[in-house]
Amino acid sequence: MKKTIFLTLVCFALLPFMNMYSQEKITDPKDTEKWSPVPVVVTPGEGTAPPSDAIVLLGEGNDLSMWESRDGGEVEWDIEDGVLTVVKGKGVIRTRNYFGDCQLHVEWRTPSEVVGEGQGRGNSGVFLMGRYEVQVLDSYNNRTYSNGQAASIYKQHIPLVNACRPPGEWQTYDIIWKAPVFNEGGSVEEPAYITVLHNGVLVQNHVEIKGTTDFIGIQTYKPHADRQPLVLQDHGNPVSYRNIWIREL
Ligand code: MG
(Lines give C-alpha, C1' and ligand atoms only; values in the text may rest on other atoms or scores of the structure.)
Protein backbone atom coordinates (compact mmCIF):
# COMPACT_ATOMS: atom_id res chain seq x y z
CA MET A 1 0.00 0.00 0.00
CA LYS A 2 2.78 2.41 1.06
CA LYS A 3 4.72 1.45 -2.05
CA THR A 4 1.76 2.28 -4.31
CA ILE A 5 1.36 5.70 -2.71
CA PHE A 6 5.11 6.33 -3.06
CA LEU A 7 5.09 5.37 -6.76
CA THR A 8 2.02 7.55 -7.43
CA LEU A 9 3.76 10.52 -5.80
CA VAL A 10 6.91 9.93 -7.87
CA CYS A 11 4.82 9.83 -11.06
CA PHE A 12 3.13 13.12 -10.20
CA ALA A 13 6.50 14.69 -9.34
CA LEU A 14 7.88 13.65 -12.73
CA LEU A 15 4.86 14.85 -14.77
CA PRO A 16 6.12 18.40 -15.43
CA PHE A 17 9.46 17.02 -16.65
CA MET A 18 7.74 14.46 -18.91
CA ASN A 19 5.68 17.30 -20.33
CA MET A 20 8.79 19.41 -20.96
CA TYR A 21 10.43 16.47 -22.63
CA SER A 22 7.48 15.81 -24.95
CA GLN A 23 7.24 19.52 -25.81
CA GLU A 24 10.93 19.57 -26.68
CA LYS A 25 10.52 16.60 -28.95
CA ILE A 26 8.22 18.40 -31.44
CA THR A 27 10.39 20.51 -33.74
CA ASP A 28 8.51 20.26 -37.04
CA PRO A 29 5.52 22.65 -37.34
CA LYS A 30 3.82 20.05 -39.54
CA ASP A 31 3.47 17.78 -36.50
CA THR A 32 0.78 20.05 -35.08
CA GLU A 33 -1.18 20.55 -38.31
CA LYS A 34 -4.57 18.85 -38.63
CA TRP A 35 -5.91 18.26 -42.12
CA SER A 36 -9.13 16.53 -41.28
CA PRO A 37 -12.00 16.90 -41.09
CA VAL A 38 -12.31 19.47 -43.85
CA PRO A 39 -15.04 22.03 -42.96
CA VAL A 40 -17.95 21.97 -45.40
CA VAL A 41 -18.11 25.05 -47.62
CA VAL A 42 -20.99 27.40 -46.73
CA THR A 43 -21.77 30.55 -48.68
CA PRO A 44 -22.66 33.31 -46.24
CA GLY A 45 -25.71 35.47 -46.93
CA GLU A 46 -25.52 39.17 -47.74
CA GLY A 47 -26.13 41.08 -44.50
CA THR A 48 -28.59 39.05 -42.46
CA ALA A 49 -29.72 36.86 -45.39
CA PRO A 50 -29.54 33.11 -44.71
CA PRO A 51 -26.30 31.26 -45.39
CA SER A 52 -26.44 28.49 -47.99
CA ASP A 53 -26.94 25.67 -45.48
CA ALA A 54 -29.76 27.31 -43.48
CA ILE A 55 -33.35 26.11 -43.39
CA VAL A 56 -35.45 29.17 -44.26
CA LEU A 57 -38.47 29.27 -41.97
CA LEU A 58 -39.77 32.64 -43.12
CA GLY A 59 -38.45 34.02 -46.38
CA GLU A 60 -39.27 36.91 -48.69
CA GLY A 61 -42.67 35.77 -50.00
CA ASN A 62 -45.86 34.83 -48.22
CA ASP A 63 -44.99 31.18 -47.84
CA LEU A 64 -46.10 29.86 -44.45
CA SER A 65 -45.66 26.20 -45.31
CA MET A 66 -43.04 25.78 -42.57
CA TRP A 67 -45.55 26.83 -39.89
CA GLU A 68 -48.76 25.64 -38.32
CA SER A 69 -51.14 26.86 -35.66
CA ARG A 70 -51.30 25.49 -32.12
CA ASP A 71 -53.84 22.85 -33.13
CA GLY A 72 -51.92 21.86 -36.27
CA GLY A 73 -54.10 23.89 -38.67
CA GLU A 74 -53.25 26.82 -40.94
CA VAL A 75 -51.52 29.84 -39.44
CA GLU A 76 -54.02 32.66 -38.90
CA TRP A 77 -51.52 35.48 -38.38
CA ASP A 78 -51.22 38.20 -41.06
CA ILE A 79 -48.60 37.73 -43.76
CA GLU A 80 -47.64 40.41 -46.27
CA ASP A 81 -44.44 40.56 -48.33
CA GLY A 82 -42.62 38.24 -45.97
CA VAL A 83 -43.73 40.12 -42.85
CA LEU A 84 -45.67 37.93 -40.45
CA THR A 85 -47.70 39.74 -37.79
CA VAL A 86 -49.37 38.37 -34.68
CA VAL A 87 -53.15 38.52 -34.77
CA LYS A 88 -54.46 38.77 -31.24
CA GLY A 89 -56.25 35.67 -30.07
CA LYS A 90 -55.09 33.43 -32.92
CA GLY A 91 -52.63 31.73 -30.61
CA VAL A 92 -49.00 30.70 -30.84
CA ILE A 93 -47.59 29.32 -34.07
CA ARG A 94 -44.98 26.60 -34.39
CA THR A 95 -42.72 25.11 -37.01
CA ARG A 96 -43.78 21.87 -38.64
CA ASN A 97 -40.15 20.71 -38.40
CA TYR A 98 -38.59 19.81 -35.08
CA PHE A 99 -35.17 21.06 -34.00
CA GLY A 100 -32.54 20.38 -31.34
CA ASP A 101 -29.15 22.15 -31.18
CA CYS A 102 -29.22 25.07 -33.58
CA GLN A 103 -28.21 28.54 -34.68
CA LEU A 104 -31.29 30.69 -35.14
CA HIS A 105 -31.77 34.09 -36.77
CA VAL A 106 -35.00 35.99 -36.13
CA GLU A 107 -35.98 39.55 -37.09
CA TRP A 108 -38.79 41.21 -35.16
CA ARG A 109 -40.50 44.58 -34.86
CA THR A 110 -42.78 45.99 -32.22
CA PRO A 111 -45.56 48.36 -33.37
CA SER A 112 -44.51 51.95 -34.17
CA GLU A 113 -47.67 53.13 -32.50
CA VAL A 114 -46.85 52.66 -28.83
CA VAL A 115 -49.73 51.10 -26.91
CA GLY A 116 -49.61 49.85 -23.32
CA GLU A 117 -46.71 49.64 -20.94
CA GLY A 118 -44.48 47.13 -19.20
CA GLN A 119 -45.25 43.57 -20.29
CA GLY A 120 -48.20 44.85 -22.33
CA ARG A 121 -46.10 46.75 -24.90
CA GLY A 122 -44.97 44.80 -27.95
CA ASN A 123 -44.89 41.47 -26.17
CA SER A 124 -44.23 38.26 -28.07
CA GLY A 125 -41.54 35.62 -27.69
CA VAL A 126 -39.26 33.14 -29.38
CA PHE A 127 -39.65 29.76 -27.68
CA LEU A 128 -36.78 27.37 -28.30
CA MET A 129 -38.12 23.81 -28.31
CA GLY A 130 -41.54 25.30 -27.62
CA ARG A 131 -40.81 25.93 -23.93
CA TYR A 132 -37.74 28.14 -23.36
CA GLU A 133 -38.56 31.77 -24.09
CA VAL A 134 -36.29 34.51 -25.34
CA GLN A 135 -38.52 37.48 -24.58
CA VAL A 136 -39.64 39.78 -27.38
CA LEU A 137 -40.80 43.11 -25.98
CA ASP A 138 -40.64 46.83 -26.69
CA SER A 139 -37.99 47.61 -24.07
CA TYR A 140 -37.15 51.03 -25.49
CA ASN A 141 -37.94 53.41 -22.61
CA ASN A 142 -40.34 50.88 -21.16
CA ARG A 143 -39.49 49.67 -17.68
CA THR A 144 -40.58 46.25 -16.54
CA TYR A 145 -38.94 43.57 -14.40
CA SER A 146 -35.41 43.10 -15.76
CA ASN A 147 -35.70 39.34 -16.18
CA GLY A 148 -38.77 39.95 -18.34
CA GLN A 149 -37.49 42.68 -20.67
CA ALA A 150 -36.47 42.15 -24.29
CA ALA A 151 -33.67 39.59 -24.73
CA SER A 152 -34.17 38.17 -21.27
CA ILE A 153 -34.51 34.43 -20.87
CA TYR A 154 -37.92 34.89 -19.36
CA LYS A 155 -37.71 35.04 -15.55
CA GLN A 156 -34.26 33.38 -15.61
CA HIS A 157 -31.58 35.62 -17.04
CA ILE A 158 -31.44 39.41 -17.29
CA PRO A 159 -29.79 40.56 -20.56
CA LEU A 160 -26.24 41.94 -20.10
CA VAL A 161 -27.35 45.24 -21.69
CA ASN A 162 -30.48 46.75 -23.21
CA ALA A 163 -29.78 46.85 -26.97
CA CYS A 164 -33.37 47.63 -28.00
CA ARG A 165 -34.10 49.79 -31.03
CA PRO A 166 -37.06 52.18 -30.95
CA PRO A 167 -40.58 50.84 -31.64
CA GLY A 168 -41.32 50.35 -35.33
CA GLU A 169 -37.71 49.47 -36.21
CA TRP A 170 -36.56 46.00 -37.20
CA GLN A 171 -34.40 44.17 -34.66
CA THR A 172 -32.43 40.96 -34.80
CA TYR A 173 -31.83 38.01 -32.54
CA ASP A 174 -29.01 35.62 -33.29
CA ILE A 175 -29.25 32.65 -31.00
CA ILE A 176 -26.98 29.66 -30.37
CA TRP A 177 -28.90 26.87 -28.69
CA LYS A 178 -27.60 23.75 -27.00
CA ALA A 179 -30.54 21.52 -26.14
CA PRO A 180 -30.87 19.82 -22.76
CA VAL A 181 -30.15 16.13 -22.41
CA PHE A 182 -32.32 13.95 -20.18
CA ASN A 183 -31.56 10.60 -18.62
CA GLU A 184 -33.93 7.73 -19.28
CA GLY A 185 -35.61 8.32 -15.95
CA GLY A 186 -36.26 11.93 -16.93
CA SER A 187 -33.63 13.62 -14.76
CA VAL A 188 -31.37 16.26 -16.33
CA GLU A 189 -28.07 14.86 -17.57
CA GLU A 190 -27.02 18.14 -19.19
CA PRO A 191 -28.94 21.42 -18.97
CA ALA A 192 -29.58 23.58 -22.04
CA TYR A 193 -27.32 26.55 -22.79
CA ILE A 194 -28.09 29.66 -24.77
CA THR A 195 -26.16 32.54 -26.30
CA VAL A 196 -28.07 35.53 -27.69
CA LEU A 197 -26.98 38.55 -29.71
CA HIS A 198 -29.54 41.35 -29.88
CA ASN A 199 -28.95 43.67 -32.85
CA GLY A 200 -25.42 42.26 -32.97
CA VAL A 201 -24.77 42.94 -29.27
CA LEU A 202 -24.04 40.04 -26.93
CA VAL A 203 -26.82 39.93 -24.32
CA GLN A 204 -26.78 36.31 -23.11
CA ASN A 205 -23.36 34.68 -22.93
CA HIS A 206 -23.72 30.90 -22.84
CA VAL A 207 -26.08 30.95 -19.86
CA GLU A 208 -27.51 27.81 -18.34
CA ILE A 209 -31.23 27.24 -18.76
CA LYS A 210 -32.85 26.31 -15.44
CA GLY A 211 -36.02 24.82 -16.87
CA THR A 212 -39.23 25.75 -18.65
CA THR A 213 -39.64 29.54 -18.63
CA ASP A 214 -42.92 29.50 -16.72
CA PHE A 215 -44.85 32.66 -15.84
CA ILE A 216 -45.38 31.61 -12.21
CA GLY A 217 -43.22 29.75 -9.71
CA ILE A 218 -39.83 28.10 -9.61
CA GLN A 219 -38.78 27.01 -13.07
CA THR A 220 -37.83 23.37 -13.46
CA TYR A 221 -37.27 20.97 -16.33
CA LYS A 222 -39.99 18.71 -17.61
CA PRO A 223 -38.34 16.01 -19.75
CA HIS A 224 -39.04 16.03 -23.49
CA ALA A 225 -37.75 14.57 -26.74
CA ASP A 226 -34.48 15.91 -28.17
CA ARG A 227 -36.18 17.67 -31.10
CA GLN A 228 -39.10 20.07 -30.70
CA PRO A 229 -40.78 22.76 -32.79
CA LEU A 230 -39.79 26.41 -32.61
CA VAL A 231 -42.70 28.50 -31.31
CA LEU A 232 -43.59 32.20 -31.69
CA GLN A 233 -45.87 33.71 -29.08
CA ASP A 234 -49.21 35.49 -29.43
CA HIS A 235 -49.26 37.76 -26.39
CA GLY A 236 -52.02 39.92 -27.81
CA ASN A 237 -49.75 42.59 -29.36
CA PRO A 238 -49.26 42.99 -33.16
CA VAL A 239 -45.54 42.18 -33.19
CA SER A 240 -44.10 41.37 -36.64
CA TYR A 241 -41.49 38.86 -37.77
CA ARG A 242 -39.45 38.44 -40.95
CA ASN A 243 -36.35 36.65 -42.24
CA ILE A 244 -36.26 33.65 -39.89
CA TRP A 245 -33.71 30.97 -40.61
CA ILE A 246 -32.15 28.13 -38.68
CA ARG A 247 -29.01 26.01 -38.97
CA GLU A 248 -29.02 22.65 -37.28
CA LEU A 249 -25.85 22.00 -35.32
MG1 MG B 1 -43.34 37.09 -24.27
Reported set for segment 77-89 where residues are open to solvent by less than 90 Å² (accessible area, probe 1.4 Å) and in contact with a strand residue (DSSP E or B) (Cβ under 7 Å, 6 or more places away or on another chain) is Trp77, Gly82, Val83, Leu84, Thr85, Val86, Val87
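For Asn147, are the conditions met, namely being out of contact with any strand residue (DSSP E or B) (no Cβ under 8 Å at 6 or more places or on another chain) and within 19 Å of Gly120 (Cα to Cα)?
Working: out of contact with any strand residue (DSSP E or B) (no Cβ under 8 Å at 6 or more places or on another chain): no; within 19 Å of Gly120 (Cα to Cα): yes.
Considered against the rule, which asks whether it is out of contact with any strand residue (DSSP E or B) (no Cβ under 8 Å at 6 or more places or on another chain) and within 19 Å of Gly120 (Cα to Cα), Asn147 comes out as no.
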Of the listed residues (Thr144, Thr195), the one being out of contact with any helix residue (DSSP H, G or I) (no Cβ under 7 Å at 6 or more places or on another chain) and either modelled with pLDDT of 95 or more or within 16 Å of the ligand (Cβ to nearest atom) (or both) is Thr195
Please work out if Asp63 is in contact (Cβ under 8 Å) with a residue 12 or more places away in the chain and open to solvent by 40 Å² or more (accessible area, probe 1.4 Å). no
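Got a sec? Which of Gly130, Gly82, Gly73 is more than 14 Å from Pro238 (Cα to Cα), more than 16 Å from the ligand (Cβ to nearest atom) and touching a residue at least 60 places away in the same chain (Cβ under 8 Å)? It would help to see each step written out before you state the result.
On the way: Gly130 fails: more than 16 Å from the ligand (Cβ to nearest atom); Gly73 fails: touching a residue at least 60 places away in the same chain (Cβ under 8 Å).
On inspection, the qualifying residue turns out to be Gly82.
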Going by what's in this entry, would Tyr145 be described as under 25 Å from Val87 (Cα atoms) and among the hydroxyl-bearing types (Ser, Thr, Tyr)?
no
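May I ask you to list the residues in segment 105-123 that are within 16 Å of the ligand (Cβ to nearest atom), open to solvent by less than 30 Å² (accessible area, probe 1.4 Å) and either touching a Phe, Trp or Tyr at 6+ places or on another chain (Cβ under 7 Å) or free of Cβ contacts under 8 Å to residues at least 40 places away in the same chain (or both)? Give the steps one after another, and end with the answer.
Narrowing segment 105-123 to residues within 16 Å of the ligand (Cβ to nearest atom): 106, 108-111, 115-123.
Retained after the next criterion (residues that are open to solvent by less than 30 Å² (accessible area, probe 1.4 Å)): 106, 108, 110, 118, 122-123.
Answer for segment 105-123, where residues must be within 16 Å of the ligand (Cβ to nearest atom), open to solvent by less than 30 Å² (accessible area, probe 1.4 Å) and either touching a Phe, Trp or Tyr at 6+ places or on another chain (Cβ under 7 Å) or free of Cβ contacts under 8 Å to residues at least 40 places away in the same chain (or both): Val106, Trp108, Gly118.
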How many residues of segment 60-102 are under 19 Å from the mean Cα position of the chain (by Cα) and either in a loop (DSSP other than H, G, I, E, B) or modelled with pLDDT under 95 (or both)? The answer is 7
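Let's see how each residue does on (1) assigned by TED's automatic domain parsing to the domain that holds Val75; (2) hydroxyl-bearing (Ser, Thr, Tyr); (3) in contact with a His (Cβ under 9 Å, 6 or more places away or on another chain):
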position	(1), (2), (3)
Gly168	yes, no, no
Phe182	yes, no, yes
Gly185	yes, no, no
Glu190	yes, no, no
Ile194	yes, no, yes
Thr220	yes, yes, no
Gly236	yes, no, no
Asn243	yes, no, yes
Filter segment 230-249 for residues that are away from the ligand (no atom under 16 Å from the Cβ) and part of a strand (DSSP E or B); the one that is surrounded by the most Cβ atoms within 10 Å (Cβ to Cβ) is Ile244
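Among strands (runs of 3 or more DSSP E) lying entirely in segment 127-218, which contain 2 or more residues that are open to solvent by 60 Å² or more (accessible area, probe 1.4 Å)?
Values: elements: 132-136, 171-178, 188-190, 193-198, 201-208.
The qualifying strands (runs of 3 or more DSSP E) are 171-178, 188-190, 201-208.
The values are calculated or read from the model by the stated rules, or taken from the named source; none is laboratory data. None of these values were measured; they are calculated from a predicted model. All Cβ positions, glycine included, derive from the backbone under ideal geometry; neighbour counts span all protein chains shown. The area values use the complete protein model at the heavy-atom level, side chains included, leaving out ligands, DNA and RNA. Shrake-Rupley method; radii C 1.70, N 1.55, O 1.52, S 1.80 Å.
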